[in-house]
1. If you check residue 13 against the conditions, is it under 30 Å from residue 132 (Cα atoms), in contact with a helix residue (DSSP H, G or I) (Cβ under 7 Å, 6 or more places away or on another chain), crowded, with 17+ Cβ neighbours inside 10 Å and modelled with pLDDT of 95 or more?
2. Which of the residues belonging to the stretch 43-77 are assigned to a loop (DSSP other than H, G, I, E, B), touching a helix residue (DSSP H, G or I) at 6+ places or on another chain (Cβ under 9 Å) and surrounded by fewer than 18 Cβ atoms within 10 Å (Cβ to Cβ)?
3. Note down all Cβ pairs under 6 Å where the first residue falls in the stretch 74-103 and is on the phi > 0 side of the Ramachandran plot and in contact (Cβ under 8 Å) with a residue 24 or more places away in the chain, the second is outside any loop (DSSP other than H, G, I, E, B) and surrounded by fewer than 18 Cβ atoms within 10 Å (Cβ to Cβ), and they're at least six residues apart or on different chains.
4. Looking at the structure I just gave you, is residue 91 under 15 Å from the mean Cα position of the chain (by Cα) and in a loop (DSSP other than H, G, I, E, B)?
5. Scan the stretch 64-80 for residues that are farther than 20 Å from residue 26 by Cα and over 15 Å from the mean Cα position of the chain (by Cα) and report the count.
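The values are calculated or read from the model by the stated rules, or taken from the named source; none is laboratory data. Please read these numbers as outputs of a predicted model, since none were measured by experiment. For neighbour counting, all protein chains shown are included, and Cβ atoms are generated from backbone atoms with ideal geometry for every residue, glycine included.
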């Protein structure tokens, strides 16, 4: 088990962004929908319903509406959940390249979902930030 990093410079220099295989989608389902056959990457409960991030294949197989097709980039740095600045730094780097991003923080890593067509451009922007 690694120790979480809270120093912004160390978090940025240790980001090590990695593109996960596959295409993922954001979808939304009503409360009470059976999700036992769905292996979601992320599940977020909202007033309007349950937002899921799932593989595109699962969404299509389960007839789920596709709200956004995206690629999934994981930052391999073990960022401290109480640390400040990492999200702002990488979202600015992506914004400067006109790349929208949706972020999910796990206990150990940050996960960034970007439009599929911009995945390579996003990886380059993140690596430039890491090396700056």
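1. So residue 13 does not fit the description; no.
2. Scanning the stretch 43-77 gives 65, 66.
3. These pairs meet every condition: 85/8.
4. No.
5. Going through the stretch 64-80 one residue at a time, the tally reaches 1.
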